[in-house]
Amino acid sequence: MGMTMTQKILAAHAGLPAVEAGQLISARLDLVLGNDITTPVAVNEFQKAGFESVFDKDRIAIVLDHFVPNKDIKAAEQSKQCRDFACAHCVSHFYDVGQMGIEHALLPEQGVVTAGDCVIGADSHTCTYGALGAFSTGVGSTDMAAGMATGTAWFKVPSAIRFELTGALPKNCSGKDVILTIIGQIGVDGALYKSMEFVGEGVKSLTMDDRLCICNMAIEAGAKNGIFPVDDVTRAYMEGRCERVPVEYRADPDAEYERTVVIDLGKIVPTVACPHLPENTKPAGELGSVKIDQVVIGSCTNGRMEDMEAAYHTLKGKKVAPGVRCIIIPATMQIYRGCVERGYVTAFIDAGAVVSTPTCGPCLGGYMGILAAGERCVSTTNRNFVGRMGHVESEVYLASPRTAAASALTGFITEPKEV
């Protein structure tokens, strides 16, 4: 029996000719990732286990992004612990204030991850890097500690669901609308511990930012990972960027999938996930009576340059509705600078929005946009669980940057026009 893309990567990193779904393996890691929330826990476990050195200082990445610049004393102490550990072990990929960005936007941008990699990260949205044709998945801080010390991790090889994409997206839709549509169709546990493998003619019409967004939210369907095949779009993105030589894997013609789900991209509409689950999706056009208090455009899901561009074209020359707080967060310093150079920041400020340094802040209810009881937010983030962005009686509606920006202008959830 043939293997899927994910199974081929795992077999190669386990030193095995083949693997099959359900098999337990020990795999070599190309990168171990942590942030300012999860790394301190991993460091404590690392030291408790008696480890004295990391397996490879060039294959560990520590990104301070959740509460940086530090929001309080506890955040400052966590960041200091990360800094001390990175310094003690000469960690090459340590990103602090001024260099950091939201981890899952930063690492692809900086070429730290590449096609064919096997990556673990102590953050559930580590599955983002499947957009580059890598196997990447989130783990706990204890696994991160073991990975930093040994350069290996245990996995149960996942089975796979094949998502065959056809057609091309309408101009008012993006990868966010695709993945929200899929999650709405299969549910938040529809791909539980499975690999979501995206294939088909429709793939070539998706940009790299679309693919990164789609893989980022694979975990919201319960998936172990999401992955795209490497094509010319991927190669163009990786060229001159990646530290390691990319390795391309393709699924065998006789690879075994649990099922195939066909998605016609041409039929996608601007989609919103209503409270309190990402599967609770409805077309944006059906939610025009929902009044909002806040809009957040950013995060590891939708803080990339195409997302900023979509917000710019929607907000330019217009004004955010009275009573609406619009918070825009470029995902990396490079994207932030691009927004400044292109005049986006000026347009955002003129529209009545605020622009933040890169941070995960509001996504997890940390800071830079906490909701009070009864408030509603349209957000381009990835989760809308009870209390996710603040008070347990607040509500989060997940949407694309176009939908979020259009809603900021009206004060109600609004379907964006084609541009």
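Probing with 1.4 Å while keeping every protein chain in the model, the per residue accessible area of the stretch 268-309 equals 31 Å². Roughly how large, in nm² to one decimal, is the mean projection of the convex hull of the alpha-carbon atoms in the stretch 285-388? Taking the Cα atoms of the stretch 285-388, their convex hull projects to 6.6 nm² on average.
By accessible area, using a 1.4 Å probe on protein heavy atoms only, the chain has 52% of its surface on carbon and sulfur. For the stretch 191-251, the direction-averaged projected area of the alpha-carbon convex hull comes to 4.6 nm².
With +1 on each Lys and Arg Cβ and -1 on each Asp and Glu Cβ, how big is the dipole of the stretch 53-92 about its Cα centre, in debye rounded to the nearest 20? The calculation lands at about 60 debye. If only the Cβ of Lys and Arg carry +1 and only the Cβ of Asp and Glu carry -1, the dipole of the stretch 321-419 around its Cα centre is close to 180 debye. Extension gain, ILE370 to ALA76: 0.36 nm times the residue separation minus the Cα-Cα distance gives 103.9 nm. Restricted to Cα atoms, the stretch 129-259 shows a radius of gyration and a Dmax of 15.2, 47 angstrom. Spin-label pair ALA236-SER289: with each label point 7 Å from Cα along the Cα-Cβ axis, the two points sit 4.5 nm from one another.
Could you sort out which of LYS176/LYS224; LYS176/LYS319; LYS156/LYS176; LYS176/LYS282 sit more than 21 Å apart by Cα distance in this structure? Going by Cα-Cα distance, LYS176/LYS319; LYS156/LYS176 fall outside the 21 Å limit. The Cβ shell under 13 Å around PRO229 holds other residues with a net charge of -1, Lys and Arg each +1, Asp and Glu each -1. Using Cα springs under 10 Å in a Gaussian network model of the chain, which residue among ALA105, ALA321, ALA373 shows the largest mean-square fluctuation? Most flexible of the set in this elastic network: ALA373.
Each Lys and Arg contributes +1 and each Asp and Glu -1, all at the Cβ; summed about the Cα centre of the chain, the dipole is approximately 700 debye. The residues of the stretch 31-72 have, on average, 39 Å² of accessible surface per residue, using a 1.4 Å probe with all protein chains present. Note on ARG259 and LYS204: the extension gain reaches 17.6 nm, defined as 0.36 nm multiplied by sequence separation minus the Cα-Cα distance. Under 17 Å from a label point 7 Å along Cα→Cβ of TYR193: give me every residue in the stretch 1-41 with its amide N that close. Residues passing the 17 Å test: 7, 20-27. With just the Cα atoms defining each centre, how far is the stretch 323-397 from the stretch 130-154? Give it in Å. One Cα centre to the other: 29 Å.
Placing unit charges on each Cβ (+1 for Lys and Arg, -1 for Asp and Glu) gives the chain a dipole about its Cα centre, and among ALA12, PHE67, THR410 the Cα reaching farthest toward its positive end belongs to THR410. Per-residue 3J(HN,Hα) values for the stretch 103-111, derived from phi via the Karplus relation 6.51 cos²θ - 1.76 cosθ + 1.60 with θ = phi - 60°, read 3, 7, 8, 5, 5, x, 4, 7, x Hz in sequence order (x marks Gly and Pro). For the options ALA408, ALA221, ALA149, a Gaussian network treatment of the chain with springs between C-alpha atoms closer than 10 Å singles out ALA149 as fluctuating the most.
The values are calculated or read from the model by the stated rules, or taken from the named source; none is laboratory data. Computed from a prediction, not measured in an experiment: that's the story for all the values here. Every residue, glycine as well, gets a Cβ built from its backbone with ideal geometry; the counts of neighbours run over all protein chains shown. For the accessible areas, the whole protein counts, side chains as well, though only heavy atoms, and no ligand, DNA or RNA atoms are used. Shrake-Rupley method; radii C 1.70, N 1.55, O 1.52, S 1.80 Å.
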